[in-house]
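Notes for the one structure printed next.
The values are calculated or read from the model by the stated rules, or taken from the named source; none is laboratory data. It should be emphasised that the depicted structure is a prediction, and the values quoted were computed from it without experimental measurement. Here the Cβ positions follow ideal geometry from the backbone for every residue, glycine too, while neighbour counts run over all protein chains shown.
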Amino acid sequence: MRVLVIGGGGREHAIAWRIAKSTKVTNIFIAPGNAGTVDDEKIVNIDLGSDYNINGLLKFAMEENIDLTIVGPEKFLVEGIVDFFKLKGLSIVGPTKLAARLEGSKNFSKSFMLRNSIPTSNFKSFSSAIEAKKYIKNQSFPLVIKADGLASGKGVTIVHSLADGNFAIEDYLEKKRFGSSSASIVIEEFVAGREVSFIALTDGKTIFPFPTCQDHKRLLDNDQGPNTGGMGAYSPVAFVDQQLYERIIEEVIKPTIDGMKNEGSPYTGFLYAGLMISSNDEITVLEYNCRLGDPEAQVLMMKMNGDFFELLKLTSNESLRKFNSYENFWDSHASLGVVVAAGGYPENPELGKKIEISPDLHINDNQLQLFHAGTDLKDGVLKTSGGRVLCVTVLESNVFMAREKVYLGLKKVHFERMQYRQDIGENIENKKNN
Ligand code: GLY
């Protein structure tokens, strides 16, 4: 079978690496991939240049007789790549353009949750800065201000005062900080608690839930500094016990899939619910994403033993109910990954820095993987080419051992002004069972 993976980040490296293990897969094309994806003999990087768009990808998939396409980044899903591929009879995993509004429009997703009694915080949406400023005058702080559209994980600001709120409203709505993505905003109540990323795969009928993950979105230790795409993750999350796990499926995942079906835009593909869990285990949905998370994908792919290709192929054929290889599909070990970012990330990442990886970093399929993201190999020299550069990911008996191994591994990676958090997975609860 011939597979196309779209994207070039750590998530896509991990997806391609895992799919390559399927005996059913002969070739994986990854567009554009990165300097790490070429290490597997089944994987070929595809540079479509200015044709790296839906039409170019569709043409490639048809010419190369691709049997299954996996979409990494949300942008293509929100633009409707699944609709175009399906019209041509091609197999692809992901939601249609209408269904991808769950991620593509915060106003849509919040209103959808309200209509379908899915737990989320109170909110209002605005496209007028005057109206938004008038509204926050009578609200209590902190408040959360979100760009309506896609903003690479950076379109969320928590404001603690009226002055901060007014500044953010001007920044988003008047200065259009995120272009058309912040032509309207959502203002919502701040919810305190512990964050969990809950990801499930669905063909619109059957649900295949993944183990829980916890991401660390802020740039600096102790959740300080600006929001990023994610600086490190681990799985499983010990405070989500079996009962809470099942409640998340019943209270969030199932009603989301049922609600989308009832509203005429059935949801298929990865459904990622960003959740906040309160001290008394109340669940609040912060947001939806319509794809695998990054770096959640890296830790999940390490934990996966089963045939990912088979699971995805059944999903794209709307026959996920036929999947029956559950036993040992997930490794019982814990996985943890720490992202190494370029200096200046997230605002102005420094590109073109030479990356040195010590040969005694023992990259090993089962225990330690170095997933590449913003890397480029030119004339035999590995250089940074993006904000998030690498993700050192380890599978170990528990999160604490995985963490120790990751941080030892990180000492063997070097480039000028590299930055990474020192506290990924440090403050987890229930240490014994993790
Ligand atoms: N790690 C967060 C995300 O993928 O959106």
Candidate set: the stretch 283-303, residues that are within 19 Å of ILE249 (Cα to Cα) and among the charged types (D, E, K, R); chosen: the one surrounded by the fewest Cβ atoms within 10 Å (Cβ to Cβ): GLU287
Helices (runs of 4 or more DSSP H) (entirely within the stretch 75-189) containing at least 2 residues that are farther than 29 Å from GLU251 by Cα: 81-87, 129-137, 162-169
Identity of the residue in the stretch 199-257, among the polar types (S, T, N, Q) and not in a helix (DSSP H, G or I), that ends up farthest from the ligand (Cβ to nearest atom): THR206
Test: LEU377 is more than 20 Å from the chain's Cα centre (by Cα) and either over 19 Å from GLN422 (Cα atoms) or exposed (fewer than 15 other Cβ atoms within 10 Å of the Cβ) (or both): yes
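Take the conditions modelled with pLDDT of 95 or more and within 16 Å of the ligand (Cβ to nearest atom) and apply them to SER335. Does it pass?
Taking the combined requirement at face value, the residue satisfies it.
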Which listed residue is closer than 20 Å to GLY204 by Cα, at pLDDT 95 or above and within 16 Å of the ligand (Cβ to nearest atom), from GLY89, GLY80, GLY94, GLY149: GLY94
Neighbours by Cβ (under 7 Å, 6+ apart or cross-chain): first from the stretch 156-182, closer than 15 Å to PRO226 by Cβ; second aliphatic (A, V, I, L, M) and assigned to a helix (DSSP H, G or I): THR157/ALA168; VAL159/ALA168
Single residue of VAL392, VAL399, VAL413 found to be under 25 Å from GLY7 (Cβ atoms), among the aliphatic types (A, V, I, L, M) and touching a residue at least 60 places away in the same chain (Cβ under 8 Å): VAL413
